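Participant: This structure is in structure tokens; I'll ask about it shortly.
The values are calculated or read from the model by the stated rules, or taken from the named source; none is laboratory data. This structure is a prediction, so every number in the text was calculated from the model and none was measured. We place every Cβ from the backbone using ideal geometry, glycine too, and count neighbours over all the protein chains shown.
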């Protein structure tokens, strides 16, 4: 099927080559000689990415290698909540002017929900019933990035229906008596907290994907960013907080991750806590530190941002980790904490 806007006569499949340093300046400097294909015209279904997002260089390089590979195997990004899986995909698609069609996968989502629905539509002959392709089917037919968000939460019928879509086979839409062939510019990616193995203690709604579906994805694990990376994120957003205060926030995050996953992030840890301190939580902590104001206790914004991730049986462990890192500062007003770190020499 053609991806041409017949009203404005714009060919959204037209590509131009651009320097990789121009498209992804956060990772590639001006000495990089590589070029990438970018849609010449920004598609109306493009989704703006987070302007404060800073991609992990290694993961970005792997995603770009997948993106421009002729094999077109589906991509699976998996990892703990808040490790930037969806943001990575939105970032790449945004920079390449690629339309995005996100499907929120859940236990009640059925195959026909991906296909589309019938709708009433006004016409010269009056109100008629028309076929309306679902987001995934639209991307399959006309091109674009399909994101199966939390694909490991799919039920058995949906999982079976995804086999052909993920592999790129002709897709029969039975309710429309239609067969869709995969567009050359259609890519399929999934995000998940697990790699389809299921049985995870923290992500108990994640299901075990059957081997046939799991094997159709190429899996990349997304880890928490390195401290320097998270410092760069906070530097971009919270310049009014002293640098050493931001550094302390990052150190708290990593101490809690040590208690969750071990210092090597390999899951080897005695009595692990069941609380995930993500980059999203880190940003929220700093954001609400600013929002709650100088008279609020520093610990108030931390509790607001993080307590929802803490299981009752590990509350004391979490408090001990925070107390060990922040000492009494966590119970002081923000204005005193800011003054303290403002006076400390780096």
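Participant: Kindly indicate whether residue 178 is at negative phi and either buried (at least 23 other Cβ atoms within 10 Å of the Cβ) or outside the structural domain of residue 117 (by TED's automatic domain parsing) (or both).
Facilitator: no
Participant: If you go through the range 21-61 one residue at a time, how many are in a helix (DSSP H, G or I) and crowded, with 16+ Cβ neighbours inside 10 Å?
Facilitator: Summing the residues that are in a helix (DSSP H, G or I) and crowded, with 16+ Cβ neighbours inside 10 Å in the range 21-61 gives 4.
Participant: Sort through 307, 320, 313 and tell me the only one that's in a helix (DSSP H, G or I) and farther than 21 Å from residue 282 by Cβ.
Facilitator: Exactly one of 307, 320, 313 is in a helix (DSSP H, G or I) and farther than 21 Å from residue 282 by Cβ, namely 313.
Participant: Tally the residues that are in contact with a helix residue (DSSP H, G or I) (Cβ under 7 Å, 6 or more places away or on another chain) and either free of Cβ contacts under 8 Å to residues at least 24 places away in the same chain or assigned to a helix (DSSP H, G or I) (or both), restricting the search to the range 88-112.
Facilitator: Here the count works out to 5.
Participant: Quick one: what pairs do we get from the range 141-163, first residue in contact (Cβ under 8 Å) with a residue 60 or more places away in the chain, second part of a helix (DSSP H, G or I) and buried (at least 22 other Cβ atoms within 10 Å of the Cβ), C-beta under 6 Å, 6+ apart or different chains?
Facilitator: 147/89
Participant: To continue, here is another question. Starting from the range 232-244, keep only residues that are in contact (Cβ under 8 Å) with a residue 24 or more places away in the chain, then list their pairs with residues that are crowded, with 19+ Cβ neighbours inside 10 Å and in a loop (DSSP other than H, G, I, E, B) whose Cβ atoms are within a distance under 6 Å, requiring at least 6 positions of separation or different chains.
Facilitator: 232/54; 233/54
Participant: Going by the conditions given, is residue 269 farther than 28 Å from residue 96 by Cβ, outside the structural domain of residue 107 (by TED's automatic domain parsing) and surrounded by 18 or more Cβ atoms within 10 Å (Cβ to Cβ)?
Facilitator: In short, no.
Participant: Next question, about the same structure. Mind telling me which of the residues 315, 336, 300 ends up being free of Cβ contacts under 8 Å to residues at least 40 places away in the same chain and more than 19 Å from residue 256 (Cβ to Cβ)?
Facilitator: Going through 315, 336, 300 in turn, just one is free of Cβ contacts under 8 Å to residues at least 40 places away in the same chain and more than 19 Å from residue 256 (Cβ to Cβ): 336.
Participant: Do we have any residue at all in the range 291-300 that's under 30 Å from residue 155 (Cα atoms) and assigned to a helix (DSSP H, G or I)?
Facilitator: Scanning the range 291-300, I find no residue that is under 30 Å from residue 155 (Cα atoms) and assigned to a helix (DSSP H, G or I), so the answer is no.
Participant: Name the residues in the range 259-277 that are in contact with a helix residue (DSSP H, G or I) (Cβ under 8 Å, 6 or more places away or on another chain) and part of a helix (DSSP H, G or I), would you?
Facilitator: 259
Participant: Quick one: would you say residue 241 is outside any loop (DSSP other than H, G, I, E, B) and either in contact with a helix residue (DSSP H, G or I) (Cβ under 9 Å, 6 or more places away or on another chain) or surrounded by 17 or more Cβ atoms within 10 Å (Cβ to Cβ) (or both)?
Facilitator: no
Participant: Mind listing just one residue for me: the one in the range 188-208 that is assigned to a loop (DSSP other than H, G, I, E, B) and under 14 Å from the mean Cα position of the chain (by Cα) and, of those, farthest from residue 310 (Cα to Cα)?
Facilitator: Looking at residues that are assigned to a loop (DSSP other than H, G, I, E, B) and under 14 Å from the mean Cα position of the chain (by Cα), I get 194.
Participant: Does residue 252 satisfy the criteria of being in a helix (DSSP H, G or I), in contact (Cβ under 8 Å) with a residue 60 or more places away in the chain, within 18 Å of residue 80 (Cβ to Cβ) and outside the structural domain of residue 62 (by TED's automatic domain parsing)?
Facilitator: yes
Participant: Quick check: anything in the range 323-332 touching a residue at least 12 places away in the same chain (Cβ under 8 Å), in contact with a strand residue (DSSP E or B) (Cβ under 7 Å, 6 or more places away or on another chain) and either in a helix (DSSP H, G or I) or not assigned by TED's automatic domain parsing to the domain that holds residue 82 (or both)?
Facilitator: yes
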